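**Q** To start, I am sharing the structure in question, which I have written as structure tokens.
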Amino acid sequence: MKPGVRRLIEDLRGARVLVIHPRDAESEALIDQLKRIGCNVRGVWPPPATIPHDIDTVFQLVESSDDTVFPTISEDHPPTLVAIVDYENPTILKRLLDSNAHAVVNKPIRSFGILSSLVLARSLRGYTRRLEAKVQKLEETLKARRDVDKAVKILVGLKKVSEFEAYELIRQQATQRRLTMADIAVSIISAQETLGGLGVLDASTQR
């Protein structure tokens, strides 16, 4: 067994799972199987307004009726979602897409396949989180670059120096004050906007 797969399976032990499904023989079979896998499971019906913060994985019945409710989830720690469906039609498929489910379990629920669906769903959620983190980091890097460029232009206008000299001034301040260049740039931009609002700076220095 590859280390990555072994880690995914080991992570299931103690996973905090919420099963959103009417209490019947099928939900009991699902809960029992999840417990055998090692998960910490609890069932609930009807769907709660929000997903508890301690839950990291949700199995939810997705129905075609308009009464189906998807609980609100935390944007900071969105759980892995495994959808439970009893048949397929355009309405169900749309609800699956809208829910951003990471895996699907078909009814009638059987113990076979639950482990595979759970491992795949949590693996996909982990991959998505890593991508989201990379995108966020890239966005922050681009914003920092734009702020530094803007601050450089402000210093060029104020101090009548070259862009290279302005960049070096920002870098030196960042080093001396143990801050990032982006932090220094934001301070320069904020100061320029404040002084401009007070009429201290003329229009040529506020471009």
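The values are calculated or read from the model by the stated rules, or taken from the named source; none is laboratory data. Predicted model only: the values in this text are computed from it and were never measured. For neighbour counting, all protein chains shown are included, and Cβ atoms are generated from backbone atoms with ideal geometry for every residue, glycine included. Heads up: the accessible areas ignore ligands, DNA and RNA and are worked out on the full protein's heavy atoms, side chains in. Shrake-Rupley method; radii C 1.70, N 1.55, O 1.52, S 1.80 Å.
**Q** For the stretch 137-161, how many residues meet the condition of being open to solvent by less than 50 Å² (accessible area, probe 1.4 Å) and not in a helix (DSSP H, G or I)?
**A** Looking only at that region, the number is 1.
**Q** Read through the list (1) within 31 Å of the chain's Cα centre (by Cα); (2) over 22 Å from R13 (Cα atoms), then give the number of the only condition that T128 fails.
**A** Failed condition: (2).
**Q** Please state which one of A166, A182 is open to solvent by less than 90 Å² (accessible area, probe 1.4 Å), of a type in the set (A, V, I, L, M, F, W, C), part of a helix (DSSP H, G or I) and farther than 18 Å from E140 by Cα.
**A** Going through A166, A182 in turn, just one is open to solvent by less than 90 Å² (accessible area, probe 1.4 Å), of a type in the set (A, V, I, L, M, F, W, C), part of a helix (DSSP H, G or I) and farther than 18 Å from E140 by Cα: A166.
**Q** Sort out which residues of the stretch 69-112 are under 22 Å from L34 (Cβ atoms), among the polar types (S, T, N, Q) and without any contact (Cβ under 8 Å) to a residue 40 or more places away in the chain, and write them in order of number.
**A** S74, S99, N100, N106
**Q** Could you check, for the stretch 103-111, whether at least one of its residues is under 30 Å from L12 (Cα atoms), part of a strand (DSSP E or B) and more than 25 Å from the chain's Cα centre (by Cα)? Spell out how you get there, then give the answer.
**A** Taking the stretch 103-111 as the starting set, the residues that turn out to be under 30 Å from L12 (Cα atoms) are 103-111.
Within this subset, residues satisfying the condition of being part of a strand (DSSP E or B) are 103-106.
Still in the list and also more than 25 Å from the chain's Cα centre (by Cα): 106.
Yes, the stretch 103-111 contains at least one residue that is under 30 Å from L12 (Cα atoms), part of a strand (DSSP E or B) and more than 25 Å from the chain's Cα centre (by Cα).
Conditions (1) outside any loop (DSSP other than H, G, I, E, B); (2) touching a strand residue (DSSP E or B) at 6+ places or on another chain (Cβ under 8 Å), marked per residue:
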position: R13; (1), (2): no, no
position: R23; (1), (2): no, yes
position: A29; (1), (2): yes, no
position: P48; (1), (2): no, yes
position: F59; (1), (2): yes, yes
position: E63; (1), (2): no, no
position: H77; (1), (2): no, no
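**Q** From R23, R95, grab the single residue that is more than 27 Å from the chain's Cα centre (by Cα) and basic (K, R). Let's see the steps before the verdict.
**A** Details: R95 fails: more than 27 Å from the chain's Cα centre (by Cα).
The unique qualifying residue is R23.
**Q** Here's something else I'd like to know. Please tell me if S187 is within 30 Å of E88 (Cβ to Cβ), among the small types (G, A, S) and surrounded by 13 or more Cβ atoms within 10 Å (Cβ to Cβ).
**A** When the stated conditions are applied, S187 does not pass them.
**Q** Out of all the residues in the stretch 75-89, which are within 14 Å of N100 (Cβ to Cβ) and surrounded by fewer than 16 Cβ atoms within 10 Å (Cβ to Cβ)?
**A** Within the stretch 75-89, just E75 meets the criteria.
**Q** Quick check on this structure: which one of I31, I55 is surrounded by 19 or more Cβ atoms within 10 Å (Cβ to Cβ), over 25 Å from the mean Cα position of the chain (by Cα), at negative phi and at pLDDT 90 or above? Break it down into steps so the answer makes sense when it comes.
**A** Numbers: I55 fails: over 25 Å from the mean Cα position of the chain (by Cα).
When all the criteria are applied, what remains is I31.
**Q** Does any residue in the stretch 21-50 that is without any contact (Cβ under 8 Å) to a residue 24 or more places away in the chain come within less than 9 Å, Cβ to Cβ, of a residue that is of a type in the set (F, W, Y) and exposed (fewer than 15 other Cβ atoms within 10 Å of the Cβ) six or more places away or on a different chain, and which pairs are these?
**A** Close Cβ pairs satisfying both conditions: R23/W45.
**Q** Working only within the stretch 119-136, note down all residues that are open to solvent by less than 70 Å² (accessible area, probe 1.4 Å) and touching a strand residue (DSSP E or B) at 6+ places or on another chain (Cβ under 7 Å).
**A** Passing the criteria: A121, R122, R125.
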